[in-house]
């Protein structure tokens, strides 16, 4: 793992970013925070809906705006996060939170891929009547999603304190 970290830190991307000036890291950090806020804000609303809140609001009404917002937030957070990490990657070698964060992100993305293939999700997104068990399935996946992405944020925050 150290070799990959050293490669990223010595990459042309890292050299380019370090050469942009003193404000670069701060601006990337701001972009990362905005990405996380957009991602988690959208996920929080959607997951709470899937868990049974706001029953008077059709799921499709929340799915339409939150899914693209979450995708944009994830793209911004991932891009800015990799760029920030490239500044001093090897300093994080041995930090357990960085080693936990990335696999948890993969689990979160797998959760997204799985839920979007479920009949319960498709019916909810289309505004179709729910089948028996749909609410339970969606509530489980919503709760799991909330746990996963909260864990990602916690690991990310704890990286700096190790």
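The values are calculated or read from the model by the stated rules, or taken from the named source; none is laboratory data. Not measured: the values here are computed from a predicted model. Note: ideal-geometry Cβ built from the backbone for every residue, glycine included; neighbour counts use all protein chains shown.
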Legend entry - Residue count for region 83-93, restricted to those that are touching a residue at least 24 places away in the same chain (Cβ under 8 Å) and either surrounded by fewer than 17 Cβ atoms within 10 Å (Cβ to Cβ) or under 12 Å from residue 2 (Cα atoms) (or both): 6
Inset, instruction - Among the residues of region 53-66, count how many are surrounded by 15 or more Cβ atoms within 10 Å (Cβ to Cβ) and free of Cβ contacts under 8 Å to residues at least 40 places away in the same chain. - result: 2
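Every residue, every condition in (1) at pLDDT below 95; (2) surrounded by fewer than 19 Cβ atoms within 10 Å (Cβ to Cβ); (3) closer than 16 Å to residue 49 by Cα; (4) over 13 Å from the mean Cα position of the chain (by Cα), yes or no:
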site	(1), (2), (3), (4)
100	no, yes, no, yes
114	no, yes, no, yes
118	no, yes, no, yes
121	no, no, yes, yes
135	no, yes, yes, yes
Inset, instruction - Just name the residue that is nearest to residue 102 (Cα to Cα) out of those in region 1-46 that are more than 25 Å from the chain's Cα centre (by Cα) and assigned to a helix (DSSP H, G or I). - result: 3
Inset, instruction - Run down 8, 27, 34, 85 and say which single residue is touching a helix residue (DSSP H, G or I) at 6+ places or on another chain (Cβ under 7 Å) and modelled with pLDDT of 95 or more. - result: 34
